[in-house]
Structure formats: C-alpha cells, structure tokens
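Take a look at the structure below.
The values are calculated or read from the model by the stated rules, or taken from the named source; none is laboratory data. Not measured: the values here are computed from a predicted model. Neighbour counts run over all protein chains shown; Cβ positions are idealised from the backbone, glycine included. Remember, those area values only see protein heavy atoms, side chains included, never the ligands or the DNA or RNA. Shrake-Rupley method; radii C 1.70, N 1.55, O 1.52, S 1.80 Å.
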Amino acid sequence: MNIRIQILIVIVAFLIMLYIINKVRKKGIELRYSLLWLLLDAGIIVFACFPQITSGLSHVLGIKQPTNMLFFAGFCFLLPISFSLSVSLSRLSDKAKRMSQEIALLNKEIERISNERKDEDVREDC
Amino acid sequence: MKKKRLIIIPAYNESACIERTVRDIMEHAEGFDYVVINDCSTDDTREICERNHFNLINLPVNLGIGGAVQTGYLYGYRNGYDMAVQVDGDGQHDPSFLCTMAEYLEKEKLDMVIGSRFIEKKGFQSSSLRRFGIRYFSILIRLLTGTRITDPTSGLRMVNRRVMKEFAHNYPKDYPEPESVVAILCRNCKVREIPVVMRERMGGVSSISMKKSVYYMIKVTLAILFEKIRGGKR
C-alpha cells in the first residue's frame, strides 16, 4: 500500500472518530449504539497503519487478494449492525404504539372528566 | 347483572360513511355501547364525529388497523366490558346480527364468534380472487389448529373478556384477522362462526390493494405459522 493513501486513510478515520465522539458528547447518538462504529473506525486505523496484518490474515484465510478480504470483513461487520437496527426499530415501534394508545385513552378520560365538571357547574348555576 | 357489550369501530378516513355506520349501530344494536377509534384520519372524520357527539377516541398518530382496534380492546377491558365486537367503519357489517352473535357467544360459552359470509353464501361475497385467498387461509388454519374457520379474514368478530385481555396485550399491527384467530386458537379458546350477510362497502377503499395482496399472502401465512410455533406462549 502506498504511504500517501495510508496517511490519508488514517487522517480521515481520525476525523470520523472525532465526529462520532463529538456526537456522543452532544447526545446525538447513544454511547451503546456508537460503540460498534467506534470499533469499526479503530479497526480501519489499525489496518491502515499496519498493512502487513491484512496480507497476513488474508494468507491465513486463503483469500488471494487482501482487498477482497477487507471488503468481505466490512460486509460481515455491517450486516449485524443493520440487523440490530431492525431489532431496535421493532421494539421502538411497539413502544410508540403502546404510548399513543395510552395517550388516546388518557385524552378520552380527560375529556370525560372535564365534561362532568361542566355539567356540575351548570347544575350549580341553576 | 346485565352484561356490558362494546362495539369497536375503527375508522381511518371514513368521512363518507362513518355517520351512517354509527347511526345504523345506534338504531339496530340494542344493549351495546360503541366507541369510534379515529386512527388519525386526514379527512374530516374527527369533525363529523365531534359534531354528532359520538363516543370517540382520537389516536395521536396513525397506527394502522391493528393498533386502532387494539386501542378499542384496551378501552373495553379497562372499562369493564364483558364482550367486545369489531365493526368496520365502512358499513360492510350489518349491525342487526350483533345481538344474535352476543347471544350465541353467551349461550355456547365461546371465546370468540366470527360472522362468516361463506356459511350461507348470501350477500356480498367478495371477488373470486379474494375468495380463493380466504379459502387458502381457511385450509391452512384447519391444518394447523384442526378448527374449521370458513371466513378467517372477517372483521366482524365478537370476543369475551378473556380474549379482550389477550388482544389488549398482544395484537398484530397489520392485517390482524387470520393471525389473531390462530393466536387465540393456540391458547385453547373456543371459536365458532355464525352465518351473516355482509354488504358491499358504502365508501372508502379496502386496505388490501392488488399490489399489496402478494405481501398480504406472504405476511399472513408466515404470521400464522409463527403463531403456531409459539404455541400459545408469549
């Protein structure tokens, strides 16, 4: 790998890391959801600094091109992330459903009570 | 003590016929209370109901048919109703059958009574393609649970308090009918059908368009299988 591209990748990965950390700081993303992304970013930095690891690993796994292995590894990393997102989405939509139902029933209750009050007021006036 | 009976009317953009449906119910379903669940309609369904002082629950966001009907079961369960029946807001269901259904449910000590179009084959019978789909689900349910349900997609269903609690807790989000029948069959509930006559809808459109029907078939088939796998456990 060319030293220039190595430096570029490391710089970009560092910027992304800073961006994620800043996001966590500002509570734009929960720490637990950011962990995987931080891990991925750290992995990219390690692989960019030490290309020997990539070629060594791909040799062990029997993959001819180290780049192929990197693509495959990235793919394998992203799949569980997106699946876990689907899981949290399902849980979230269930909670949102239950909450809007409760709100609807509460509104109904409030309306009933305020109507009763109004009736009482009318009776008192008479 | 007299049994408290509730009619749940889910309504999403039913301004064309909600008023007629509710008036029909008030006239023909004696001994029943009703509640309209407005699923955050974008037309003036809400205004029409408020103008007429209908008993109305407004959902703050659109939940789809499953979530809307579930709100009704929740309302019924918390307000001490002994029976609840779902009647669609589009006027397909004839409210004059409700009393018969309630009596049947009580007399036979059933957990659910389904109004079926296909026992006496009278009235609106749906298109042939839809009938084919319904037959398919009917066979599937019979294979899995051993119970014969001729009209598993019927929205006209009356349940007792036990099933009401079950549904308040757990109800599918979309295309809920066949799936929820299997769910309660797996919990050893007694489900029977009685013949009813359904009308063609007075207005509005079916939630199952041609494009969605493929998704519908696959989703409901899988949902039924999953209910069977769960085997009544949560």
Projected area, mean over directions - the protein assembly as shown, Cα convex hull, nm²: 26.9 nm²
Length released on extending from A:Leu18 to A:Val87, taking residue separation times 0.36 nm less the Cα-Cα span: 22.1 nm
Axial C-alpha extent at least 18 Å, average Kyte-Doolittle at least 0.0 - helices from chain B (DSSP): B:128-145, B:210-230
Helix runs (DSSP H) in chain A reaching 24 Å along axis by Cα, Kyte-Doolittle at least -0.5: A:3-25, A:31-49, A:66-125
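With a 1.4 Å probe, what is the total accessible area buried between chains B and A, in Å² rounded to the nearest 100?
Buried surface at the B/A interface: approximately 1200 Å².
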Relative contact order of chain A, pairs being alpha-carbon contacts under 8 Å that are 6 or more residues apart, as %: 18 percent
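Taking the Cα centre of chain B as origin and charging only Cβ (+1 Lys, Arg; -1 Asp, Glu), how large is the dipole, in debye to the nearest 20?
Magnitude of the dipole: close to 1140 debye.
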Per-residue mean of C-beta atoms belonging to partner chains within 10 Å, peptide B:63-76: 3
Fraction of antiparallel bridges per DSSP, the protein assembly as shown only, in percent to nearest 5: 30 percent
Spatially close lysines, pair count over segment B:5-230: Cα under 22 Å, gap of eight or more or interchain: 14
Accessible surface of chain B, 1.4 Å probe, proportion on carbon and sulfur as whole %: 53 percent
Net charge contributed by nearby residues that have their C-beta within less than 10 Å of B:Leu185 (K/R +1, D/E -1): +1
Reduction of at least 30 Å² in accessible surface, 1.4 Å probe, comparing all protein chains with the chain by itself, residues of segment A:95-125: A:Lys97, A:Arg98, A:Ser100, A:Gln101, A:Glu102, A:Ala104, A:Leu105, A:Lys108
Per-selection Kirkwood Rh - chain B (Cα, Å, 1 d.p.): 17.7 Å
A:Arg123-B:His28 pseudo-label distance in nm [points 7 Å out on the Cα-to-Cβ vector]: 3.7 nm
Protection-proxy order for peptides A:106-117, B:152-163, each taking the mean of Cβ atoms within 10 Å per residue, highest first: B:152-163, A:106-117
Chain B - mean residue ellipticity at 222 nm from DSSP helices (-39,500 (n - 2.57) per run, n ≥ 4, rounded to 500): -13500 deg cm²/dmol
Dimensions (Å) - segment A:1-98, Cα atoms, principal axes, largest first: 54, 31, 14
Per residue solvent-accessible surface (Å²) - chain B, probe of 1.4 Å: 47 Å²
Estimated FRET transfer efficiency when R0 is 51 angstrom, pair A:Gln65-B:Arg142 (beta carbons, to 0.05): 0.40
Calculated FRET value between A:Leu78 and B:Lys212, using beta carbons and R₀ = 35 Å, to 0.05: 0.75
Contact order normalised by residue count of segment B:35-78, Cα under 8 Å, 6+ apart, percent: 47 percent
Average accessible surface area per residue within chain A, 1.4 Å rolling probe, Å²: 79 Å²
Mean separation of Cα contacts under 8 Å (6+ apart) over length of chain B, as relative contact order %: 24 percent
